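Note sheet for the following structure.
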Amino acid sequence: MIQLNLVRPIAFFDLETTGVNVASDRIVEISILKILPDGSKEVKTKRINPTIPIPKQSSEIHGIYDKDIANEPTFKSIAKSLADFLKDCDLAGYNSNKFDIPILVEEFLRADVDFDLKGRNFVDVQNIFHQMEQRTLKAAYRFYCKKEIINAHSAEADIEATYEVFLAQLEKYDGVEFEDKKGNKSFPVQNNIKALHDFTNINKNADLAGRIIFNEQGVEVFNFGKHTGKPVEQVLREEPSYYAWMQNGDFPLFTKKVLTDIKLRMAFNR
C-alpha cells in the first residue's frame, strides 16, 4: 500500500450528527485517523452529548440514540483536548469540505476554543472521487478497494474506508491526465497534500459553508440570494443593513465571523 508523502500530520475524520444543518446541528460522534509523517497512525473515536435531541431519522441512519449519549461529555468539555490533538494537522475526509469541517468549526466556536484554520490544507476524498468517477463512498470502496464496507454508517468504519479509498486513488490516478470544464489539462492527483488541497477545493470558499466565495480575481463575493456575485465590500458599502441582517439570520457562526472580518478590514483601510 502506498505511503503518504507528508511534511506534517494529516487527520482524516468523520462525524455523526443530529442532522445536516451546519449552523444548528450538533456532533454526536467523531472519529479521527491521524497519520504522522513517519507513517504511524493514531485513531480516536468519541461519542458526544449534543445537548439537543437527536431526530429519529438521523438516529436511524447512524444508530446513535439519545439514550446512547446521555452520559457522554459535551463538545465544550472536550474541545480543548480535541483542538490540541488536531494542532498543526491538515484535515481530510469524505465530503469534509462541505460538511465535516464547517460543522466542526461551528462546534469549536460555540465552545469558545480558537481552532485556527490558517495554513492548513483540506483534502476532500469525495471531491477526488466525484471529479474522477462520481459515485458514493460505498461504491468508491467497492470500485477502488474491491471490498464491501463492514458496519457502514459507523464513523470509524466509514473513515477507515475513506482512508483506504484515498490511498487507492493516489495509485490509480498517478500520471492520469484530467481536463476541467474550461479545457485545461493537468495531472492533479499527486502524492502531495497541497496539490490535492488545490484539486479538491472546487469552490474557493471564504467561509467554509460557501455563502461567501472568492471570484476569479480573488475578491470575496456573495454566493447566495439577491447579491449573488457581488463583492461583499460593495454590498456592505451600498447596503449597510445587510450586515445586521446576516448577523441576526440563520447563518453559520463562521460565516458571520468572516463577514465581520471583512467589515473590520474595510474600516481599517479607510
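Numbers at a glance
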read-out	value
Sum of -39500 (n - 2.57) over DSSP H runs of 4+, divided by residues of the chain (222 nm, nearest 500)	-11000 deg cm²/dmol
Cα-centred dipole magnitude for the chain, charges only on beta-carbon of K, R (+1) and D, E (-1), debye, nearest 20	480 debye
Ranked by how many other beta carbons lie within 10 Å on average, peptides 170-178, 119-127 from highest	119-127, 170-178
Euclidean distance of C-alpha centroids, the stretch 228-270 and the stretch 2-24, integer Å	28 Å
Distance violations [Cα-Cα > 18 Å] among 41/147; 46/76; 230/263; 44/138; 46/67; 181/204	41/147; 44/138
Euclidean distance between Cα centres, the stretch 170-185 to the stretch 120-137, Å	13 Å
Most mobile listed residue (237, 211, 26) in the chain, GNM with C-alpha springs under 10 Å	237
Most fluctuating residue given options 81, 58, 24, as computed from a GNM of the chain linking Cα atoms under 10 Å	81
Distant-in-sequence amide H partners of residue 92 (H built 1.01 Å from N, under 5 Å)	11, 12, 13, 123
Net dipole in debye of the stretch 5-124 [+1 Lys, Arg Cβ; -1 Asp, Glu Cβ; about Cα centre; nearest 20]	120 debye
Given charges at Cβ of Lys, Arg, Asp, Glu: the chain dipole, positive-most of 50, 74, 224	224
Among beta bridges that DSSP assigns inside the stretch 10-200, antiparallel share in %, nearest 5	70 percent
Positive-end extreme of charge dipole, the chain - chosen from 241, 131, 188 (charges on Cβ)	241
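Where a number appears in this text, it was derived from the coordinates with a stated rule and is not lab data. From a predicted model like this one, the values you see are computed outputs, not experimental measurements. Virtual Cβ from ideal backbone geometry, glycine too; neighbours counted across all protein chains shown.
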